[in-house]
């Protein structure tokens, strides 16, 4: 079965989206982005929690100062205690429902007494002990409660035992909105800072990915240049992680060329080795014209010669199309062939017209292009009345760039059944015309090996149109 060497390259564009989804650069960038976002979020949560604890401790220390002032006034002599409290130093405790409150509750049986700040008005503060909050190492408790008008408060309380003077619970509360405001301001600044930091880190990651993968891009460009025939090897200095890949690729290219050259040599040797014995058999058979055995030998020898020629030709063509990086300019080849065919068929008065866009290039070797075009033009000249037209234009073959070459003649043309027949090896419709019948079949096989094809149809000139499609560089 013919091998389409260009199939991997034909998938180059069709797999573009899949390769982007499977890109190493995208993987590195997305993984770095994911880890950056995760780390920044965790760091932000930790910093916000630490800052919240710091703000709460600072607020609790402030409340603790007022609480100790109340305890000091409560422990003052009885005469002074009648003016309780002496001075707490905060006007907010005098403003009704200001959010700053204090409350002293006597717990002695039968002597229940509650004293509170003016700001508390007719309300009261809940006890943290009743809410299940445990006391700290200094015996005080701290927590959040709802005060008058369901205002959120931060409350600190302590139980005081003054012996015969009584057993008290002293509580001081402040507006928790101050804590919330401080934390909110810090979190907003944290979000802005981390947002800028994330953008800088992502830009840095993008630069690192591009810089780190630049050698791989150079290898990709070099391989594209090899396929286009601009160079034969991967050249340049590569990092030590990439250098083995470049060396192995160059070694693979060298091995490919060596295999091709060895195949060509073997094909030539085999052709010469078989040519002489077959010639001897044919000559011996021709020397006995009346011998039935000689006639049979001659018949089979011709079949052997045809089969050997066929398989040697296939091996030679398959070896040639596996050469990487061969590129041929089309217009000079077609023009030269047209001049040559006009000279060959000068006696028939055939005029050959060429329409080929300059700059078109065939992804393959020049001898193969000459053989394919030459066979088609020669066949057209044999059957044309007076005119042959050759046109070459770019055309898409699947997902890769290609060439469309048409050869038209003004002969009598062929029917659909005849067109199917002449494309087969050795099939000829007119035995009076010189030829072996192998020309079109060789074109079909060679075009197939290159990933192209040959179709026959009706030409606008009235004769046969041969349309050849081949990969372009």
- Item | One residue from 309, 273 being closer than 30 Å to residue 441 by Cβ, in contact (Cβ under 8 Å) with a residue 60 or more places away in the chain and outside the structural domain of residue 211 (by TED's automatic domain parsing) | 309
- Message: Tell me whether region 346-354 contains one or more residues that are in the same structural domain as residue 370 (by TED's automatic domain parsing), assigned to a strand (DSSP E or B), modelled with pLDDT of 80 or more and surrounded by 16 or more Cβ atoms within 10 Å (Cβ to Cβ).
- Response: yes
- Message: Can you go through 29, 93, 59, 84 and tell me which one is in contact with a helix residue (DSSP H, G or I) (Cβ under 7 Å, 6 or more places away or on another chain), assigned to a loop (DSSP other than H, G, I, E, B) and either assigned by TED's automatic domain parsing to the domain that holds residue 160 or modelled with pLDDT of 80 or more (or both)?
- Response: 84
- Run down 181, 166, 123, 139 and say which single residue is surrounded by 12 or more Cβ atoms within 10 Å (Cβ to Cβ) and on the phi > 0 side of the Ramachandran plot. 166
- Does at least one position in region 110-127 carry a residue that is in a strand (DSSP E or B) and either under 21 Å from residue 61 (Cβ atoms) or touching a helix residue (DSSP H, G or I) at 6+ places or on another chain (Cβ under 7 Å) (or both)? no
- Item | Top-ranked residue of region 94-115 - restricted to ones that are in contact with a strand residue (DSSP E or B) (Cβ under 6 Å, 6 or more places away or on another chain) and within 19 Å of residue 176 (Cα to Cα), ranked as surrounded by the most Cβ atoms within 10 Å (Cβ to Cβ) | 101
- Of 216, 223, which residue is touching a helix residue (DSSP H, G or I) at 6+ places or on another chain (Cβ under 8 Å), assigned to a helix (DSSP H, G or I) and over 24 Å from residue 328 (Cα atoms)? 216
- Report yes if some residue within region 148-161 is over 60 Å from the mean Cα position of the chain (by Cα), surrounded by 14 or more Cβ atoms within 10 Å (Cβ to Cβ), at pLDDT below 90 and assigned to a loop (DSSP other than H, G, I, E, B); otherwise report no. no
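The values are calculated or read from the model by the stated rules, or taken from the named source; none is laboratory data. Here the structure is a predicted model, which means the values were calculated and not measured. Every residue, glycine among them, receives a Cβ derived from its backbone with ideal geometry; neighbour counts consider all protein chains shown.
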